[in-house]
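Down below is the structure, laid out as structure tokens.
The values are calculated or read from the model by the stated rules, or taken from the named source; none is laboratory data. Since the structure is predicted, the reported quantities are computational estimates derived from the model, not experimental observations. Cβ placement follows ideal geometry from the backbone for every residue including glycine, while neighbour counts extend to all protein chains displayed.
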Amino acid sequence: MPERVSFLIDGFNVYHSVKDALAAKQITHGKWLDYRALCAGLLRDVGNFEPNAQIAKIRYFTAFASYLSNTQPDVVPRHKTFIAALEFLGIEVVLGNFKQKKPTCGNCKTKYVAHEEKETDVNIAIHLIKIFLEDECDTAVIISGDTDLIPALKMAKLLFPQKKVAIGFPFKRVNNHFTQIADFTFKIKAGRYEKDQLPDPVILSNGNRLVKPASW
């Protein structure tokens, strides 16, 4: 039986990686990212997968930054357009939420309002255990550099020693703490973001068109 590989993608971790690649002038565009093409390319190019490895499932974890709607009204509609394109490709989208917090300024010691996406790590951890329980795949690949996921990796390896867990580091997101736990790790080069782009527009089955946002 071919190796079955499921991908769990930390959407904001990759998004900020793309922004870093753009700021570093490594790429000229990249936000209209075709995650199915990206994952297929990783299976083909990363040497740790079996030659006949197949994608079992792709999950994209994210949240709508609704708190920005008053100042940046196009943020959520852009994101929803992108999600609709991913769902058309058969990618499962798992939504979390932004939480308001009031940290203290290190300089003036006053509190200020900020927002932080808090549920993605937990959602990825839950799905990592779930897909192994259901024997969905032989190898799970987490696309993220967030070390908050390390406890989930440790538990998955403890409960399912016959399964593999890999970490794909987005551009500028390498963290050596994962190397001692994951079965293997690899880096995603900035150029892959520019290469693996969705068509513009994406034509849905009903004929509707999903147009790439002008700023992307």
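Rundown of residues vs (1) under 14 Å from the mean Cα position of the chain (by Cα); (2) in a helix (DSSP H, G or I); (3) aliphatic (A, V, I, L, M); (4) buried (at least 17 other Cβ atoms within 10 Å of the Cβ), yes/no style:
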| position | (1), (2), (3), (4) |
| --- | --- |
| Ile9 | yes, no, yes, yes |
| Asn13 | yes, yes, no, yes |
| His16 | yes, yes, no, no |
| Leu22 | no, yes, yes, yes |
| Thr28 | no, no, no, no |
| Lys31 | yes, no, no, yes |
| Cys39 | yes, yes, no, yes |
| Leu43 | no, yes, yes, yes |
| Phe49 | no, no, no, yes |
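Sort out which residues of the range 180-216 are small (Gly, Ala, Ser) and farther than 23 Å from Ile143 by Cβ, and write them in order of number.
The answer is Ser205, Gly207, Ala214, Ser215.
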Exercise for review: Read through the list (1) free of Cβ contacts under 8 Å to residues at least 24 places away in the same chain; (2) surrounded by 13 or more Cβ atoms within 10 Å (Cβ to Cβ), then give the number of the only condition that Lys80 fails.
Suggested key: (2)
Practice item. Look through the range 35-80, keep the residues that are farther than 19 Å from Gly168 by Cβ and of a type in the set (D, E, K, R), and return whichever of them is modelled with the lowest pLDDT. Key: Asp74
Practice item. May I ask you to list the residues in the range 12-26 that are free of Cβ contacts under 8 Å to residues at least 60 places away in the same chain and of a type in the set (A, V, I, L, M)? Key: Leu22, Ala23
